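Read the figures in this text as sums done on the coordinates, not as results from a lab. All values reported here derive from a predicted model rather than from experimental measurement. Positions of Cβ are generated from backbone atoms using ideal geometry, with glycine treated the same way; all protein chains shown enter the neighbour counts.
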Amino acid sequence: MAEYFDRRAPTYGSWFKQSLGNRTVDNLEKEAVLRLLMPPSGKKKLTILEIGVGRGRIARYLLNNLPIESYMGVDISRRMIRTLKKEKIKGLKLIWYKGERLPLKRRMDSVISIRQIKYNQNLANQLLLMKKNLIKNGILIIEFPSCYSVSGIRNLFIKSSGVLVDPFRLKKAVKELGFTAIIMEPLRYLPDNVYALTNGKTMLTVVLILEKWLRKILPYWLAKSILLKARLS
Ligand SMILES: C[S@@+](CC[C@H](N)C(=O)[O-])C[C@H]1O[C@@H](n2cnc3c(N)ncnc32)[C@H](O)[C@@H]1O
């Protein structure tokens with residue numbers, strides 16, 4: 001997996017800028033994560049650990065929009081970390097993660113994983129790692145693609161990179177680790193490719209209306225992208 005992302009490091013993130021639809025996917029995702037992390041007013045500044053920081057798409061946004069004391073980004077791809085380091089993002093600390101350097105010395109208020117968990121074949125291991133780095137009452141956020149979505153069904157015939165996640169299995173595993181207040185919310189029902197083909201305000205409006213409608217009639221587990229939030233008790 002590290003080699004796969006090493007090869008993609010120089011261009012990773014460009015997909016999110018390609019068309020109006022791609023930029024919408026980017027914005028919807030970042031805004032949803034921000035909303036789930038937003039502390040109650042008056043709360044102290046947050047400490048965040050992001051597993052699979054990539055090119056810092058989420059990190060950059062959260063650093064600009066949340067009161068943050070410390071943001072640590074780790075990634076299995078050395079090249080991704082090296083490339084991101086060159087961008088010198090204020091407040092972002094980076095670690096090339098090979099498995100042995102976590103947990104960190106200090107536990108964090110929140111540990112997040114966006115578009116990353118599907119690349120880890122060992123779900124249990126990753127959840128344990130995320131838990132070990134959280135304070136009591138800390139918040140876990142995981143974005144993942146559901147195996148029951150249209151993409152999941154397509155994946156039965158045409159294999160894509162990574163593994164699509166079973167939302168029920170994930171929820172059970174998170175619960176067994178001592179997390180409570182687990183919420184799962186659909187982020188998008190339509191596959192990324194639909195957004196990638198959306199380049200115009202009219203088309204985008206149609207796509208967003210369709211998303212709203214799907215949200216009303218379909219259960220969360222059929223969504224292409226789901227956000228899980230849980231509290232460590
Ligand atoms: C699709 S990118 C997402 C990057 C970023 N979170 C975002 O949303 O833009 C996935 C990233 O996770 C990293 N990654 C994959 N498996 C990992 C693991 N087991 N531990 C840490 N990072 C991992 C990859 O190297 C890659 O940079």
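The length gained by stretching the chain between Ser233 and Ala124 to full extension, at 0.36 nm per residue less their Cα-Cα distance, is 37.4 nm. Volume of the convex hull of region 118-233 (Cα atoms only), normalised per residue: 116 Å³. Listed from fewest to most Cβ neighbours within 10 Å, the set Tyr189, Tyr61, Tyr195 follows the order Tyr61, Tyr189, Tyr195.
Of the beta bridges in the chain, as assigned by DSSP with both residues counted there, near 40 percent are antiparallel. Taking other C-beta atoms within 10 Å as the exposure proxy, Ile58, Ile139 rank Ile139, Ile58 from fewest upward.
A straight Cα-to-Cα reach below 28 Å connects Lys85 with the lysines Lys17, Lys30, Lys44, Lys45, Lys93, Lys98, Lys105, Lys118, Lys131, Lys132, residues fewer than 8 places away in its own chain not being considered. Each Cα pair under 8 Å and six or more residues apart adds its separation to the average, and for the chain the resulting relative contact order is 22 percent.
In the frame of its principal axes, the chain has Cα extents of 48, 40, 39 Å, reported largest first. Just to confirm a number: summing +1 for Lys and Arg and -1 for Asp and Glu over residues other than Ser70 whose beta-carbon lies under 10 angstrom from that of Ser70, what do you get? Neighbourhood net charge equals +1. Here the calculated FRET efficiency for Ile183 and Lys88, from their Cβ-Cβ distance with R0 = 35 Å, stands at 0.50, rounded to the nearest 0.05.
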